[in-house]
Amino acid sequence: MKIYGDKEVWLVTGSQHLYGPGVLKQVAENSQKIAAGLTESANISIKVVAQETVKSPSEILAVAQAANSNPNCVGLILWMHTFSPAKMWIAGLSALSKPYMHLHTQFNAELPFADINMHFMNLNQSAHGDREFGHVSTRLRQERKVVVGHWATESVQKQIDSWCRVAMGWHASQNLKVARFGDNMRQVAVTDGDKVSAQIKFGYEVHAYGLGDLQKVVDAVTDAEVAAQIETYKKEYDVNPAIFDDEHQFQMLKNEARLELGMLKFLTEGEFGAFTNCFENLTGLTNLPGLATQRLMQQGFGYGGEGDWKTAAMVHICKVIAKGREGGSSFMEDYTYHFGAVDQVLGAHMLEVCPSISAAKPKLEVHLHTIGCRNDIARLIFTGKAGPALCISLIDIGTRFRVIINEVDTVNPPQELPKLPVAKALWEPRPNLEVSAAAWIQAGGAHHSAYTQGVTADEIVDYAEMAGVEALVIGADTTVRNFKTELRHNAAYYHLKDGVYALISL
Ligand code: MN
């Protein structure tokens, strides 16, 4: 069984009737072998299913329509084994509502130099057949991934897998529901935005609930359920023994267990994949959830603090793309800086950082929370694992959305931070803090981000392309001057693109 269960990507092979039944039979067999090879490969995390070879406009349209209506199909891999005149693809590609990748490959790897004849040449024409197909994709102004190379190589399979994971992220985005407990933090700009436009662009729904709706479910959690949950905490974390000696601290831990189970029930029953809350909207709850939110994130829910529904959705989508990979994904905030030999960012939040990014078994402690609401709150304390990571910010810039991605390197802190009672990660942004933060600020990036060690920048760029929104990468090669030019060029491009599309649809 593959990581993504019954979800699948379809391999659709293009040809035409010119070559006769013998060649078409061979084409169909080869397609089946490639799909089976990809599915069996440990490099690929999803089932790849070969469809019947398409040889006419009606067959191409039919497979596109079948893909659109099949709930398990998350995307298509298209490949021209032979020449497949591309006007035949116009109707099908225009009707297709799922993402596709163009795999520019060939069934055989090496040329049989001693034996090659015209039969071989006619059977293996992707070198020009795929170029004819690509012309029409470009002519239709369609965003797609083009992967080039022999399908059986590790490098190509890893690129295919990367795209399939993004297709799964896109599928999750299309079906995601985000629950908001309360509203955004008052006066904060970047966590707000146009939820109707977000649903049109990314597919996900954002629903607000009064705190009373959640309170009812939280209060219905039984003492027995809370007691069982405390046993789970003991198994999974280094729980400070003082908690069990102190009636007040133990009560704070029980509060957190009740909040976790209540929110889990609310989110599960409502089929939500992400949620937000806000310290300004806590009426009826014991406190701002700490441990509870951290654990829900670890279970796959996206989260955004202070009502940040865009980041909540992004965290969930990262978790889907990264499924089965080692690196975790979390809600994050650039909190404070270390200016030194190498400038560093200490990322954290008031409480809510996901333990999936932890380097070691987290500690569970109760501490006084002093920001916004004053309360003793149980929380997990840990340090983010060293290694490459991304900070991803999705923002609404009024007329459209923008995704900003900073490639960073998380490092081990040079010493303990014994008085800091929250989870944190210390990182060095690429190319350095000076350029990274200047570029991020010029782009309007948020103070919140989806932090991930399980997703690559290219994957988030592919996700943005599926949505048709701008993506900017701040990485090793970034300069502020070029980045500002890119911002200006993109402003013109997206204005024209969206404007022209709006006119066409009238
Ligand atoms: Mn915040």
Checklist line | Identity of the residue in the stretch 292-312, small (Gly, Ala, Ser) and touching a helix residue (DSSP H, G or I) at 6+ places or on another chain (Cβ under 7 Å), that ends up nearest to Asn184 (Cα to Cα) | finding: Gly304
Checklist line | Pick from the stretch 64-78, criterion surrounded by 21 or more Cβ atoms within 10 Å (Cβ to Cβ) and free of Cβ contacts under 8 Å to residues at least 60 places away in the same chain, ranking: farthest from the chain's Cα centre (by Cα) | finding: Ala64
Margin query: So in the stretch 350-367, with the set limited to residues that are touching a residue at least 40 places away in the same chain (Cβ under 8 Å) and surrounded by fewer than 20 Cβ atoms within 10 Å (Cβ to Cβ), which one is nearest to Gly328 (Cα to Cα)?
Written below: Ala359
Checklist line | Inter-residue pairs, beta-carbon under 9 Å, first on the phi > 0 side of the Ramachandran plot and in the stretch 183-211, second more than 16 Å from the ligand (Cβ to nearest atom) and part of a loop (DSSP other than H, G, I, E, B), 6+ apart | finding: Gly203/Leu176
Next item on the list: Hey, can you tell me all the residues within the stretch 34-70 that are in a loop (DSSP other than H, G, I, E, B) and closer than 18 Å to Met1 by Cα?
Entry: Ser41, Ala42, Asn43, Ile44, Ser45, Ile46
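Conditions tested, residue by residue: (1) surrounded by fewer than 21 Cβ atoms within 10 Å (Cβ to Cβ); (2) modelled with pLDDT of 95 or more; (3) among the small types (Gly, Ala, Ser).
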| site | (1), (2), (3) |
| --- | --- |
| Gly134 | yes, yes, yes |
| Ser137 | yes, yes, yes |
| Val148 | yes, yes, no |
| Gln157 | yes, yes, no |
| Ala172 | no, yes, yes |
| Leu176 | no, yes, no |
| Val190 | yes, yes, no |
| Gly193 | yes, yes, yes |
| Glu205 | yes, yes, no |
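Provide a single number: the residues in the stretch 106-131 that are in a loop (DSSP other than H, G, I, E, B) and within 39 Å of the chain's Cα centre (by Cα).
Residues of the stretch 106-131 that are in a loop (DSSP other than H, G, I, E, B), as a first pass: 106-117, 124-125.
Keeping just the survivors that are within 39 Å of the chain's Cα centre (by Cα) gives 106-110, 124-125.
Residues flagged as in a loop (DSSP other than H, G, I, E, B) and within 39 Å of the chain's Cα centre (by Cα) within the stretch 106-131 amount to 7.
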Check: How about the stretch 394-506: which helices (runs of 4 or more DSSP H) wholly inside it have at least 2 residues that are among the basic types (Lys, Arg) and over 30 Å from Thr370 (Cα atoms)?
Finding: 480-504
Margin query: Contact list please: Cβ distance under 6 Å, first residue in the stretch 427-456 and touching a residue at least 60 places away in the same chain (Cβ under 8 Å), second residue away from the ligand (no atom under 16 Å from the Cβ) and of a type in the set (D, E, K, R), pairs at least six apart or on different chains.
Written below: Glu428/Asp409; Leu433/Asp343; Gly454/Arg325
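Conditions tested, residue by residue: (1) more than 30 Å from Ser197 (Cα to Cα); (2) among the aromatic types (Phe, Trp, Tyr); (3) buried (at least 23 other Cβ atoms within 10 Å of the Cβ).
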residue: Ala378; (1), (2), (3): yes, no, yes
residue: Thr383; (1), (2), (3): yes, no, no
residue: Ala389; (1), (2), (3): no, no, yes
residue: Ile397; (1), (2), (3): no, no, no
residue: Val411; (1), (2), (3): yes, no, no
residue: Pro414; (1), (2), (3): yes, no, no
residue: Lys419; (1), (2), (3): yes, no, no
residue: Val422; (1), (2), (3): yes, no, no
Next item on the list: State whether one or more residues within the stretch 25-34 are polar (S, T, N, Q) and free of Cβ contacts under 8 Å to residues at least 40 places away in the same chain.
Entry: yes
Next item on the list: Tell me which residues, restricted to the stretch 321-351, are modelled with pLDDT of 95 or more, within 16 Å of the ligand (Cβ to nearest atom) and over 19 Å from the mean Cα position of the chain (by Cα).
Entry: Asp334, Tyr335, Thr336, Val345, Leu346, Gly347, Ala348, His349, Leu351
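The values are calculated or read from the model by the stated rules, or taken from the named source; none is laboratory data. Just so it is clear, the structure is predicted and the values come from calculations on it, not from any experiment. When we count neighbours, we look across all protein chains shown, and the Cβ atoms used for this are built from the backbone with ideal geometry, even at glycine.
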